[in-house]
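Down below is the structure, laid out as structure tokens.
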Amino acid sequence: RWSWGDLQREAKTLAAGLLAEGLEPGDRIGILAPNLAAWVAVQFGTAYAGLILVNINPAYRTGELEYALKKTGCRALVTVPGFKTSDYIAMLNEIAPELATAEPGRLEAARVPELNLVVTLSDETYPGSTRYADVIAAADAGSLERVDGIAASLDSDDPVNIQFTSGTTGSPKAATLTHHNIVNNAALSAGILRFTEKDRLCIPVPMYHCFGMVLGVLLCATRGAAIVFPSAGFDADAVMD
């Protein structure tokens, strides 16, 4: 349970930590995870830092993950160790075997040469990876001040998000969206639905899709409505509860 102030503090601290880890505005950072509180922190934190968040479908297999990372040139990836039947750490080690011996944040992989930093949403430490908690801890007064400067300098037409199309007739296309694209979509939709800060929205749809992150999270953000995640993946009983 977070207040909007809690979320803002978490997001800004994460933004500062990512800058302290060497990321720069305009860098692409992927997220491979089901619906979690940290997903929302990453969504807002990357926006504060001027980074471009790349949504990756948690159902992707190894080849699809490699395609997404290479297509967008991700410098960093935030991931859970695994979800359902998917072992993302094993998939990453298949794509980048160099991860096993790499210094965290200094990955140099032949197949995904632009990927340097792997951040795990886990208390456990994995070779070559950095824990989310360690990124948060890397924030300091200087990087927090830099976040405020970057956020103030951003333009609404700057890119903030890359989402993949379904790829039903070929490889998925990477659609680049601006701050204005997604905030305007959310704000207009919230107005049509007459949302207010007294409302609560249950979000059972996946965050990697625009339905979850834009018409779910950002819709609530434009009106101060409460965001409710019933479960990490779709669970009808959890939704009704």
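The values are calculated or read from the model by the stated rules, or taken from the named source; none is laboratory data. These numbers were taken from a predicted model, which means no experiment stands behind them. Cβ placement follows ideal geometry from the backbone for every residue including glycine, while neighbour counts extend to all protein chains displayed. The area values use the complete protein model at the heavy-atom level, side chains included, leaving out ligands, DNA and RNA. Shrake-Rupley method; radii C 1.70, N 1.55, O 1.52, S 1.80 Å.
Of all residues in region 59-73, none are crowded, with 21+ Cβ neighbours inside 10 Å, in contact with a strand residue (DSSP E or B) (Cβ under 6 Å, 6 or more places away or on another chain), under 19 Å from residue 177 (Cα atoms) and among the charged types (D, E, K, R). When region 126-161 is filtered for residues that are assigned to a loop (DSSP other than H, G, I, E, B) and out of contact with any Pro (no Cβ under 9 Å at 6 or more places or on another chain), the ones remaining, listed by number, are 139, 140, 155, 156, 157. Of the residues making up region 74-86, those that are surrounded by 14 or more Cβ atoms within 10 Å (Cβ to Cβ) and out of contact with any Asp or Glu (no Cβ under 8 Å at 6 or more places or on another chain) number 7. Pairs are defined by a Cβ separation below 8 Å, a sequence spacing of at least 6 or placement on different chains, a first member in region 213-241 that is closer than 29 Å to residue 180 by Cα and of a type in the set (Lys, Arg), and a second member that is open to solvent by less than 20 Å² (accessible area, probe 1.4 Å) and in a helix (DSSP H, G or I); the pairs so defined are 223/190. Exactly one residue out of 90, 59 is farther than 16 Å from residue 27 by Cβ and part of a loop (DSSP other than H, G, I, E, B), and it is 59. Within region 103-129, being in contact with an Asp or Glu (Cβ under 8 Å, 6 or more places away or on another chain), of a type outside the set (Val, Ile, Thr) and open to solvent by less than 20 Å² (accessible area, probe 1.4 Å) holds for 105, 107, 109, 117, 128. For residue 48, the conditions (1) touching a helix residue (DSSP H, G or I) at 6+ places or on another chain (Cβ under 7 Å); (2) over 22 Å from residue 104 (Cα atoms); (3) free of Cβ contacts under 8 Å to residues at least 40 places away in the same chain are fulfilled apart from (3).
Looking across 140, 158, one residue alone is more than 30 Å from residue 236 (Cβ to Cβ), among the acidic types (Asp, Glu) and surrounded by 15 or more Cβ atoms within 10 Å (Cβ to Cβ). It is 158.
For region 142-159, the condition holds for no residue, the condition being that it is β-branched (Val, Ile, Thr) and farther than 21 Å from residue 16 by Cα. Scanning region 191-199 for residues that are open to solvent by 30 Å² or more (accessible area, probe 1.4 Å), over 24 Å from residue 52 (Cα atoms) and part of a helix (DSSP H, G or I) turns up at least one hit.
Remark: residue 223 matches the filter, which requires a residue to be buried (at least 17 other Cβ atoms within 10 Å of the Cβ) and either hydroxyl-bearing (Ser, Thr, Tyr) or more than 26 Å from residue 79 (Cβ to Cβ) (or both). If the condition is being within 22 Å of the chain's Cα centre (by Cα), open to solvent by less than 50 Å² (accessible area, probe 1.4 Å) and without any contact (Cβ under 8 Å) to a residue 40 or more places away in the chain, then region 166-188 contributes 167, 175, 177, 178, 182, 186, 187. Among the residues of region 26-54, those that are open to solvent by 10 Å² or more (accessible area, probe 1.4 Å) and among the aromatic types (Phe, Trp, Tyr) comprise 44, 48.
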